[in-house]
Amino acid sequence: MSLVSGPGRGGSTGGTQELYVQKHVDYIKSLNTRRDELEYWLTEHLRLNGVYWGLTALHLLGHPEALPRDKTIEFVLSCQSEDGGFGAAPGHDAHMLYTVSAVQILVTLDAVDELEKDGRGGKEKVASWIANLQDHSTGTFKGDSWGETDTRFLYGAFNALSLLRLLHLIDTEKAVGYIQSCANFDGGYGVRPGAESHAGQIFTCVGALAIAGRLDLVDTDRLGGWLSERQLENGGLNGRPEKKEDVCYSWWVMSALAMIGRLHWIDGEKLAGFILRCQDPEHGGIADRPDDMVDVFHTVFGLTGLSLLKYPGLKEVDPIYCMPKEATDRALGR
Ligand code: 3PZ
Ligand code: ZN
């Protein structure tokens, strides 16, 4: 960082900064009420994901009550299609990304039983909708019945099905073989075989391997080395070489480091300082980098990053599931 740079947001470029817990709670609550604003309608395609991000943030902040439980469950159920999958909002086509968010929200709220109501077919119907998206020849997953495959969808399927305790509905061994075919010599993983390593893809591949109980397949030292090289001078992390730092990589990079037991390979204090400098101290929320506009996506991944760093006042996040550890422990009977 330049010595001549002026004071950033929060009036400080160095030194210690605090986490504005109450401001972040207020910011997330405000997202749920600004229904008349253009921004709300422009982001309709993100709605169910947005609820998952906001709810996860609130649970980690220790304010689970800030979003009303009944209303949240009602909204999630209203996004379910006849076929069992979930769309972004009521009336939208079902897609893997939203179906995973729906399961994560219901598990976090301990409300999976709600899927039994009104002849919805229970968790089994949701699980078979997901299982049907596996490509039997390669083992990987599509996002919906006409879409392309992507390791993000493979991870999503593993995440949701394991939380529902129905992972046996899919061919996990074949899927694990597909992940291995995406591995690179640098220890990382790309979006498909031959594609360059990228922190987001690494999270999805290592996360799926963790769920499958196959972390033994990871080249831990090489991958840990590549991930630790993501830290820049200002403390922030990037997603691949030569790219800018971004708060959300605090999650994609650090969760992978946590899963392979190498969290101590980056400078946690410097990273925490970077994340805290991305807060809006006035209205709450966290941005991708200092002085940018906040959004709920970077707010949750800033907080999950700080949680992995054991930042005081935050609940523990599960590095495999990106949910409160309390909730995944309960769902998985740990
Ligand atoms: C953001 N999506 O495609 S998106 C997302 N990005 O739906 C949500 N870091 O307008 C928000 N970049 C903001 N609120 C950004 C989710 C992207 C990721 C974009 C982004 C984040 C840098 C450029 C893909 C899980 C799910 C989806 C993604 C990643 C992981 C955008 C741009 C894209 C998207 C939404 C809004 C800036 C919020
Ligand atoms: Zn980002």
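The values are calculated or read from the model by the stated rules, or taken from the named source; none is laboratory data. Remember, predicted model here, so these are calculated numbers, not experimental data. Note that each Cβ is placed from the backbone with ideal geometry, even for glycine, and that neighbours are counted across all protein chains shown. Keep in mind that these areas ignore ligands, DNA and RNA; they rest on the heavy atoms of the full protein, side chains included. Shrake-Rupley method; radii C 1.70, N 1.55, O 1.52, S 1.80 Å.
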Subject >> Tabulated pairs, the range 125-139, first over 16 Å from SER181 (Cα atoms) and at pLDDT 95 or above, second open to solvent by 30 Å² or more (accessible area, probe 1.4 Å) and outside any loop (DSSP other than H, G, I, E, B), C-beta under 6 angstrom, 6+ apart or interchain >> reply: ALA127/LEU169; ALA131/LEU169; LEU133/LYS142
**OP:** Could you pull out the residue among ALA57, ALA88 that is among the small types (Gly, Ala, Ser) and in a helix (DSSP H, G or I)?
**Re:** ALA57
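Out of the residues in the range 238-252 that are farther than 20 Å from MET293 by Cβ and within 13 Å of ligand 1 (Cβ to nearest atom), which is most open to solvent (accessible area, probe 1.4 Å)?
Here the residue is ARG240.
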**OP:** Determine whether the range 176-199 contains at least one residue that is in contact with a strand residue (DSSP E or B) (Cβ under 6 Å, 6 or more places away or on another chain) and β-branched (Val, Ile, Thr).
**Re:** no
Original post:
So which of LYS117, LYS142 is in contact (Cβ under 8 Å) with a residue 40 or more places away in the chain, of a type in the set (Lys, Arg) and more than 30 Å from TYR178 (Cα to Cα)?
Top reply: LYS117
Original post:
Taking the range 296-317 on its own, how many of its residues are within 13 Å of ligand 2 (Cβ to nearest atom) and open to solvent by 50 Å² or more (accessible area, probe 1.4 Å)?
Top reply: 1
Subject >> Residue identified as modelled with pLDDT under 95, among the aliphatic types (A, V, I, L, M) and away from ligand 2 (no atom under 16 Å from the Cβ) among VAL218, VAL191 >> reply: VAL191
Original post:
Residues of the range 257-275 being open to solvent by less than 10 Å² (accessible area, probe 1.4 Å) and either closer than 15 Å to GLN17 by Cβ or in a strand (DSSP E or B) (or both), which ones?
Top reply: LEU271, PHE274, ILE275
Original post:
Looking only at helices (runs of 4 or more DSSP H) that fall completely inside the range 117-221, which ones have 1 or more residues that are open to solvent by 50 Å² or more (accessible area, probe 1.4 Å) and over 20 Å from TYR52 (Cβ atoms)?
Top reply: 122-131, 172-181
Original post:
Does GLU114 satisfy the condition of being open to solvent by 60 Å² or more (accessible area, probe 1.4 Å) and assigned to a helix (DSSP H, G or I)?
Top reply: no
**OP:** Working carefully through the options LEU209, LEU164, find the one that is away from ligand 2 (no atom under 16 Å from the Cβ) and more than 27 Å from GLY268 (Cβ to Cβ).
**Re:** LEU164
Subject >> Of residues in the range 288-310 being part of a loop (DSSP other than H, G, I, E, B) and touching an Asp or Glu at 6+ places or on another chain (Cβ under 9 Å), the one nearest to ligand 1 (Cβ to nearest atom) >> reply: ASP288
Original post:
Does ILE320 satisfy the condition of being part of a loop (DSSP other than H, G, I, E, B) and crowded, with 21+ Cβ neighbours inside 10 Å?
Top reply: yes
**OP:** Go through the range 68-85 and give me each residue that's surrounded by fewer than 22 Cβ atoms within 10 Å (Cβ to Cβ) and not in a helix (DSSP H, G or I).
**Re:** PRO68, SER81, GLU82, ASP83, GLY84
Original post:
Is at least one residue of the range 172-187 of a type in the set (Val, Ile, Thr) and more than 24 Å from ASP318 (Cα to Cα)?
Top reply: no
